[in-house]
Every structure is written in structure tokens, then in C-alpha cells.
Amino acid sequence: MTTQIQAVAFDLDGTLCDSIPDLAAAANAMRQTLGMATLPAATVQSYVGDGIGVLVHRALTDNPQGTAPEAQWQQGYTAFVRHYADHIADRTRAYPETEAGLALLQSLRIPLAVITNKNEILAVKLLKALKLDGYFSIVIGGDTLPEKKPSPEPLRHVAQVLGVNVANIIMVGDSKNDILSAKAAGSIAVGVTFGYGDMAQLSQDPATTPDWTINALPDIYEHLRPQKPSAE
């Protein structure tokens, strides 16, 4: 690559790990608390990506654009977070090549960050449970700053904290929010093909087309590692 990469930021759910089993369990525990039927895990998956507050609205109404009444949302949010915090990594697992990819990037001495729309305290707890927390210099949650993805503010904040140029940060993620955030910040958008988002579909729209895509996290290292001089 011609751009000198100074940092790499990662989305969490659907990029570093598959958290749907535990998110779905929390959503259904919440619904059962309120006397509602459970939802298929695939339905809950389709509601993930905009933070837990929005997920609670969607799961309560079973509608991707739904908004629950305030009192019901407050009760549901409390039930969701209580269950999820207690069972955050019961069945959540890092993707098979996540740790290998992070270790390779760490070997290049490039600082790594997490930018997720999950609440910061829950993101940190999950990273610790997965034993991935040691790889990251900073974790930005959906409630860390006044704005979350797709706003460019999380990437700008990471750039400021790390003392790097935001244009020299790679943002790696599986969703529209990750790509839009990167483009708005002037960062490099990298889409993963193994997450919850449909990268092929997102790539049909120039606004959500990543700069490049990867099939596994070690692919980033292959883009960035120093190239060996060719033999004469």
C-alpha cells in the first residue's frame, strides 16, 4: 500500500467475534420477562449493529424500524443488560483467525483499537472474557462519545488519542456503519466477508463500498507487511 498505515481499528460483533448466540439469548430473556414469545436468533442478528439501546427497541417491537414505548423500553433495557452482562461470553467466540491476525499486526508495532456501538463497559468485559483485551490500545463504545458510528467522531477521537492522522487509520468491519464511518472520517474502509453484513450487497452502492475486503484478519497483515525485495 502507498498510504503509511499508523493504526488499525476494528468493529467488535461480527468482525472480531460471533456474539449472536448470547445477544439472542439476552433479547429473548428480556422478551420472556415481559411476557413475549422468543425470536429466532437470525431475527435478532438482523437487529444488531446500532447499539444495545436500538437493539432493545427492535427486539421488543420485532421491527427493524420499531420504537417501543418509553416505559417498556426502560424495563426491557434493564432486563437485557442484566442478562447479557451475566452471560456475555457463554457462547460468544472469537472468529478462528482473529487472534492470529491481531498478533501479526501487533508484530508490526501498529496500535490497534476497537470501535463498536456496543456499550463501552460491555465491550471491555467481552474483550477480557475472550482474552483479546491485551491487543488494544483503546476501546470506544457506542456510549463513550456523544456520537457513534456511522459518525466519523469515534475514528477522529482514536486518531487524536493515538497521535496519528485519521487518514492513516484502517477501519475494519462487517457493516454499513463501519464503512460510512471510515469514509466520513477519510480513513480506509476494509470490509470483512465473514461477518453479519452482506459485503457483496454493500459493495453495490458506492457510498458503502469498502476500499478493500478481506476473508480473514491475517489478510490485513499481508497488505501491510514489509515486502521482501525481489531476487535479481
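The values are calculated or read from the model by the stated rules, or taken from the named source; none is laboratory data. It should be emphasised that the depicted structure is a prediction, and the values quoted were computed from it without experimental measurement. Quick reminder, even Gly has a Cβ in these numbers, built from the backbone with ideal geometry, and neighbours come from all protein chains shown.
One table, with the values for the structure above:
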quantity	calculated
Qualifying strands (runs of 3 or more DSSP E) (wholly inside the stretch 121-232; at least 3 residues being buried (at least 16 other Cβ atoms within 10 Å of the Cβ) and in contact with a helix residue (DSSP H, G or I) (Cβ under 8 Å, 6 or more places away or on another chain))	138-140, 169-173, 188-192
Any hit, the stretch 53-60, residues being over 18 Å from the mean Cα position of the chain (by Cα), free of Cβ contacts under 8 Å to residues at least 12 places away in the same chain, assigned to a helix (DSSP H, G or I) and in the same structural domain as GLN32 (by TED's automatic domain parsing)	yes
Residues located in the stretch 107-134, provided they are of a type in the set (Lys, Arg) and under 17 Å from ALA85 (Cα atoms)	LYS118, LYS125, LYS128, LYS131
Filter result (under 21 Å from ASP133 (Cα atoms), assigned to a helix (DSSP H, G or I) and in contact (Cβ under 8 Å) with a residue 40 or more places away in the chain) within the stretch 82-95	TYR84, ALA85
Residue identified as modelled with pLDDT of 95 or more, over 17 Å from the mean Cα position of the chain (by Cα), buried (at least 18 other Cβ atoms within 10 Å of the Cβ) and assigned to a loop (DSSP other than H, G, I, E, B) among ALA68, ALA37	ALA68
Residue under evaluation VAL44, criteria (1) surrounded by 21 or more Cβ atoms within 10 Å (Cβ to Cβ); (2) at positive phi, criterion not met	(2)
Residue under evaluation GLY101, criteria (1) part of a helix (DSSP H, G or I); (2) over 17 Å from the mean Cα position of the chain (by Cα); (3) not basic (Lys, Arg), criterion not met	(2)
